[in-house]
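Take a look at the structure below.
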Amino acid sequence: MNPSLGIKRSVSIWIRDLHLYAGLFISPFILVFAVSTILLNHAWKPWTRTAVEKTSAPVEIPAGLKSGAEGVPAAKQILRQVNVSGEIGFVRHQPQNNRLIIPVFKPGQRITISVDLTTRTAAIERTRTDLWSTLIYLHRTPGPHNAQAPRNWGFTQAWGWLADATIYLLLFLSASGVYLWALLKAERKTGLILIGTGVLSFIVLLSVLAR
Amino acid sequence: MTEMQPQIRSPRFFRAFETWNRKFHIYLGLYFLLFIWLFSISGLVLNHPRWQFAQFWPTREQTSFEQSFQAPVATGNLPMAQDLMRQFKIDGEIYQLTNNVEQGQFAFRVMKPRTRFLIKADLKSQRATIERIRVNGWGVLYALHLFSGVRMENPELKRDWFWTKLWSFSMDALAVGLVVMVLGGVYMWYQLKPKRGWGLVVLALGILSCGLFVFGLSRLP
C-alpha cells in the first residue's frame, strides 16, 4: 500500500472523528443560538412570563461609591451583603438623591438593587424571566455593550469563552465538512452546485446591502 | 393507520431517511458555508469590542450636506420618509421617525450595513440636512450580524426595505438549517455504534455546560 495513501486515510479518519465530536459538543449551544436568532430576528417573545419579587435588607455602605465601571468594586460589596449574584451593569451613584442603583443581570433573572444611602437600606427587585428571555440574554452576552467595562462575574466570563469556543468549533466544522465532502466523489457535482448557489446568493445580498 | 405503520417502520423507509438525512447535512452545510463564516466572524467581533484591528467607528467617514425637496404628497410618517428618500436617491431601512408638525420638523434615520443617514427635513422651508456616515468592512460585518430591521425593545418597528426582509429571511433560513444539521448530525452519530460511548460523553458535556447557563444560573441567589 502506498504510504501517502495510508497517511491521507488516517488524516481523514481523524478529521471525521473530530468533526463528529466537536459537532456533538457544540450542538446544544448551536440550538441556543439558532432558536434565539429566530426570536431576535422577529422581536418575538412567545409566552412571556415574568415574576417580580420585592425585598429589602439593611446594608453597610462601602467607601468609594462611583458611577459606571469604577463603581463595580463597591457594588460587589453590597451584592455580597444582600446575597445577590450576577453581572453588574451600569452602576448609578446619585448623590443628589442619596441613592445608589445597581442593575444586576444573569440568565433568567434581572435584579435592581436600589440603596438608600441615608437609611442604609437596599430595596431589591428581582424579576424572574422565562426560557425565551434567557436564550435571548445568552445570545447577546457578552456582546458589544459596555465595551470599556470588563466582565465582572465569573459565569459571564465563562459564557464568553464558551460562546467563542462555539464559534471556533463551528468554523472548524465548516472547514472539515468541506474537506470530508470533497472526499465523496458521488456528492461532488451536487455539492459544487450548492456551494455555487450559496456563494451567489451571498454575493448578491452583500453587493446590495454593503453598497 | 394500520396500513401505514408497517410501511413507515420498514428498513427501506429508514434507509431512505438515513440517505437523505446525510445528504441534507452535507448540502445545508455547503449552501450556508459563507453565511456561517460571516455570522461566526461577526459574532467574534461583537464579543470582543476591544479588538483594535476590528475598530470601525473611529475611522468612519462622515459627511453632511443640504438639499432642497418638494413637499411630500404622501401622508403618514413612513410614506413621507419614503417620498423624501426617492427625491434624495437614498435607499435603506427607515427607523427613528420623528415628526414635529407644529414646527414643521421631520427627521428620520436610514440604515444600511455600510452607510447610515440622518435626515432632518424642514417641511416649511423645504430644505433638508443630510448627514451620511460610512464605515469600513468591519463595520459592515458588525452591522450585518444585527441587521434585522426590528428591535426586541421596540416590537412595533416593522421592516420596510425589501433587502432587509430578504436578509432577515436568510438569517431565519440559516437558523433553521443549523437546527436541521444539528438534529440530523446527532441522529447520524447515534447510528454509529462504535462511536456511541465517547459521543455520549462529549454530548453530555455539551448539554451539561450549556444547561448550566440556560437552566442552572437562574437558581443562584
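The values are calculated or read from the model by the stated rules, or taken from the named source; none is laboratory data. Everything numeric here is computed off the predicted structure, so don't read it as measured data. Reconstructed Cβ throughout: ideal geometry from the backbone, glycine too, with neighbour counts over all protein chains shown.
From A:G143, A:G198, A:G86, grab the single residue that is buried (at least 19 other Cβ atoms within 10 Å of the Cβ) and on the phi > 0 side of the Ramachandran plot.
A:G86
So that you can scan it fast, the table gives a plain yes or no per residue for (1) polar (S, T, N, Q); (2) modelled with pLDDT of 95 or more; (3) not in a helix (DSSP H, G or I):
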| site | (1), (2), (3) |
| --- | --- |
| B:Q7 | yes, no, no |
| B:F14 | no, no, no |
| B:T19 | yes, no, no |
| B:I26 | no, yes, no |
| B:F39 | no, yes, no |
| B:P49 | no, no, yes |
| B:F53 | no, no, no |
| B:T59 | yes, no, yes |
| B:T63 | yes, yes, yes |
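Among the numbered criteria (1) of a type in the set (A, V, I, L, M); (2) without any contact (Cβ under 8 Å) to a residue 12 or more places away in the chain; (3) under 13 Å from A:I38 (Cα atoms), which one does B:L174 miss?
If we test B:L174 against (1) of a type in the set (A, V, I, L, M); (2) without any contact (Cβ under 8 Å) to a residue 12 or more places away in the chain; (3) under 13 Å from A:I38 (Cα atoms), just (2) comes out false.
Quick one: how many residues across region A:15-54 are among the polar types (S, T, N, Q) and more than 11 Å from chain B (Cβ to nearest Cβ)?
Here is the first cut: in region A:15-54, the residues among the polar types (S, T, N, Q) are A:27, A:36-37, A:41, A:48, A:50.
From what is left, the residues that are more than 11 Å from chain B (Cβ to nearest Cβ) are A:50.
Total meeting the criteria: 1.
Answer yes or no: is there a residue in region A:7-29 that is assigned to a loop (DSSP other than H, G, I, E, B), without any contact (Cβ under 8 Å) to a residue 24 or more places away in the chain and not aliphatic (A, V, I, L, M).
So far as region A:7-29 goes, no, none of its residues is assigned to a loop (DSSP other than H, G, I, E, B), without any contact (Cβ under 8 Å) to a residue 24 or more places away in the chain and not aliphatic (A, V, I, L, M).
Does region A:178-193 hold any residues that are surrounded by 13 or more Cβ atoms within 10 Å (Cβ to Cβ), closer than 16 Å to B:T19 by Cα and either modelled with pLDDT under 95 or of a type in the set (V, I, T) (or both), and which are they?
Once the filter is applied, which keeps residues that are surrounded by 13 or more Cβ atoms within 10 Å (Cβ to Cβ), closer than 16 Å to B:T19 by Cα and either modelled with pLDDT under 95 or of a type in the set (V, I, T) (or both), region A:178-193 yields A:E187, A:T190.
So B:L97 fits all but one of (1) out of contact with any helix residue (DSSP H, G or I) (no Cβ under 6 Å at 6 or more places or on another chain); (2) surrounded by fewer than 17 Cβ atoms within 10 Å (Cβ to Cβ); what number is the exception?
With (1) out of contact with any helix residue (DSSP H, G or I) (no Cβ under 6 Å at 6 or more places or on another chain); (2) surrounded by fewer than 17 Cβ atoms within 10 Å (Cβ to Cβ) applied to B:L97, the lone miss is (1).
Please give the helices (runs of 4 or more DSSP H) falling wholly within region B:113-221 in which 2 or more residues are buried (at least 20 other Cβ atoms within 10 Å of the Cβ) and more than 7 Å from every other protein chain (Cβ to nearest Cβ).
Once the helices (runs of 4 or more DSSP H) in region B:113-221 are filtered for at least 2 residues that are buried (at least 20 other Cβ atoms within 10 Å of the Cβ) and more than 7 Å from every other protein chain (Cβ to nearest Cβ), what remains is B:137-146, B:162-191.
Which ones in region B:37-70 are under 17 Å from B:L144 (Cβ atoms), among the hydrophobic types (A, V, I, L, M, F, W, C) and surrounded by 14 or more Cβ atoms within 10 Å (Cβ to Cβ)?
The answer is B:W37, B:L38, B:F39, B:I41, B:L44, B:V45, B:L46, B:A54, B:F56.
With respect to B:F53, is the statement that it is more than 10 Å from every other protein chain (Cβ to nearest Cβ), within 30 Å of A:W159 (Cα to Cα) and not β-branched (V, I, T) true?
So B:F53 passes the test.
Are any residues in region B:85-95 more than 19 Å from the chain's Cα centre (by Cα) and at positive phi, and if so, which ones?
Our first condition is that a residue be more than 19 Å from the chain's Cα centre (by Cα); within region B:85-95, this holds for B:85-90.
Of everything in region B:85-95, just one residue is more than 19 Å from the chain's Cα centre (by Cα) and at positive phi, namely B:K89.
Does A:A34 qualify as being among the small types (G, A, S), free of Cβ contacts under 8 Å to residues at least 40 places away in the same chain, surrounded by 15 or more Cβ atoms within 10 Å (Cβ to Cβ) and within 30 Å of B:I207 (Cβ to Cβ)?
For A:A34, the condition - among the small types (G, A, S), free of Cβ contacts under 8 Å to residues at least 40 places away in the same chain, surrounded by 15 or more Cβ atoms within 10 Å (Cβ to Cβ) and within 30 Å of B:I207 (Cβ to Cβ) - is met.
Go through (1) under 30 Å from A:A122 (Cβ atoms); (2) in contact (Cβ under 8 Å) with a residue 40 or more places away in the chain; (3) part of a loop (DSSP other than H, G, I, E, B) for A:P46 and report which single condition fails.
Against the list (1) under 30 Å from A:A122 (Cβ atoms); (2) in contact (Cβ under 8 Å) with a residue 40 or more places away in the chain; (3) part of a loop (DSSP other than H, G, I, E, B), A:P46 comes up short only on (1).
Residues to consider are B:G29, B:G92, B:G43; find the one that is touching a helix residue (DSSP H, G or I) at 6+ places or on another chain (Cβ under 9 Å), under 21 Å from B:F162 (Cα atoms), of a type in the set (G, A, S) and within 14 Å of chain A (Cβ to nearest Cβ).
B:G92
State whether one or more residues within region A:99-118 are touching a Leu at 6+ places or on another chain (Cβ under 7 Å) and of a type in the set (K, R).
Yes, region A:99-118 contains at least one residue that is touching a Leu at 6+ places or on another chain (Cβ under 7 Å) and of a type in the set (K, R).
Tell me whether region B:71-78 contains one or more residues that are buried (at least 18 other Cβ atoms within 10 Å of the Cβ), assigned to a loop (DSSP other than H, G, I, E, B) and over 24 Å from the mean Cα position of the chain (by Cα).
Checking region B:71-78: at least one residue is buried (at least 18 other Cβ atoms within 10 Å of the Cβ), assigned to a loop (DSSP other than H, G, I, E, B) and over 24 Å from the mean Cα position of the chain (by Cα).
Assess whether A:G6 counts as being within 14 Å of chain B (Cβ to nearest Cβ) and either closer than 30 Å to A:L183 by Cα or among the hydroxyl-bearing types (S, T, Y) (or both). Break it down into steps so the answer makes sense when it comes.
On the way: within 14 Å of chain B (Cβ to nearest Cβ): no; either closer than 30 Å to A:L183 by Cα or among the hydroxyl-bearing types (S, T, Y) (or both): yes.
Answer is no for this residue.
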